[in-house]
Amino acid sequence: MKIYLTCYPYGSPMNNDVIGYALAEDGTGLASHLSSHVEFSKHDMGLTCNWKHEHYARCYPEGYELEWVDAPETHEGWLNALALNKSKREVKE
């Protein structure tokens, strides 16, 4: 299972704060984290360290691969996962 990681600017444009997200290719939202910079977000979301890996492994015990998404607005895999996530939420509503 591929897990996409990305972040978006958060708060005032005067700072570098970002909110990071982990979204599996099947549309399952897995984690989020407020970080003070994009590079810290990569760490906080588990790309460059072991943070959150226990959670990812519980959700996908058969295995997973992390992929950082620099441009979520154009990344095909991220956009497909978002669409799946939205359709899952619409079914529940």
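Is one or more of the residues making up the range 62-74 out of contact with any Asp or Glu (no Cβ under 7 Å at 6 or more places or on another chain), free of Cβ contacts under 8 Å to residues at least 40 places away in the same chain and among the small types (Gly, Ala, Ser)? Checking the range 62-74: at least one residue is out of contact with any Asp or Glu (no Cβ under 7 Å at 6 or more places or on another chain), free of Cβ contacts under 8 Å to residues at least 40 places away in the same chain and among the small types (Gly, Ala, Ser). Take CYS59 and tell me if it is touching a strand residue (DSSP E or B) at 6+ places or on another chain (Cβ under 7 Å), free of Cβ contacts under 8 Å to residues at least 60 places away in the same chain and hydrophobic (A, V, I, L, M, F, W, C). Criteria met by CYS59. Residues of the range 1-44 that are within 11 Å of the chain's Cα centre (by Cα) and small (Gly, Ala, Ser): GLY20, ALA22, ALA24, GLY27, GLY29, ALA31, SER32, SER41. Filtered by the rule that a residue be assigned to a helix (DSSP H, G or I), closer than 19 Å to GLY11 by Cα and either out of contact with any Ser or Thr (no Cβ under 7 Å at 6 or more places or on another chain) or among the hydrophobic types (A, V, I, L, M, F, W, C) (or both), the range 32-45 gives VAL38, GLU39, PHE40. Pairs meeting the criteria (first residue in the range 1-25 and touching a residue at least 12 places away in the same chain (Cβ under 8 Å), second residue in a loop (DSSP other than H, G, I, E, B) and charged (D, E, K, R), beta carbons under 6 Å, at least 6 apart or on different chains) are LYS2/GLU25; TYR10/ASP17. The residues of the range 68-93 that are at pLDDT 95 or above, not hydrophobic (A, V, I, L, M, F, W, C) and not in a helix (DSSP H, G or I), listed by number, are ASP70, PRO72, GLU73, THR74, HIS75.
Yes/no per residue for (1) in a helix (DSSP H, G or I); (2) at pLDDT below 95; (3) within 20 Å of SER87 (Cα to Cα):
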| residue | (1), (2), (3) |
| --- | --- |
| THR6 | no, no, no |
| SER12 | no, yes, no |
| ASN16 | no, yes, no |
| LEU47 | no, no, no |
| TYR56 | yes, no, no |
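Residues in the range 1-22 that are under 12 Å from TRP68 (Cβ atoms), crowded, with 17+ Cβ neighbours inside 10 Å and touching a helix residue (DSSP H, G or I) at 6+ places or on another chain (Cβ under 8 Å): 7 in all.
Residues that are surrounded by 15 or more Cβ atoms within 10 Å (Cβ to Cβ) and in contact with a Cys (Cβ under 9 Å, 6 or more places away or on another chain) do occur in the range 45-53.
The values are calculated or read from the model by the stated rules, or taken from the named source; none is laboratory data. None of the values given here were measured: they were computed from a predicted structure. Every residue, glycine as well, gets a Cβ built from its backbone with ideal geometry; the counts of neighbours run over all protein chains shown.
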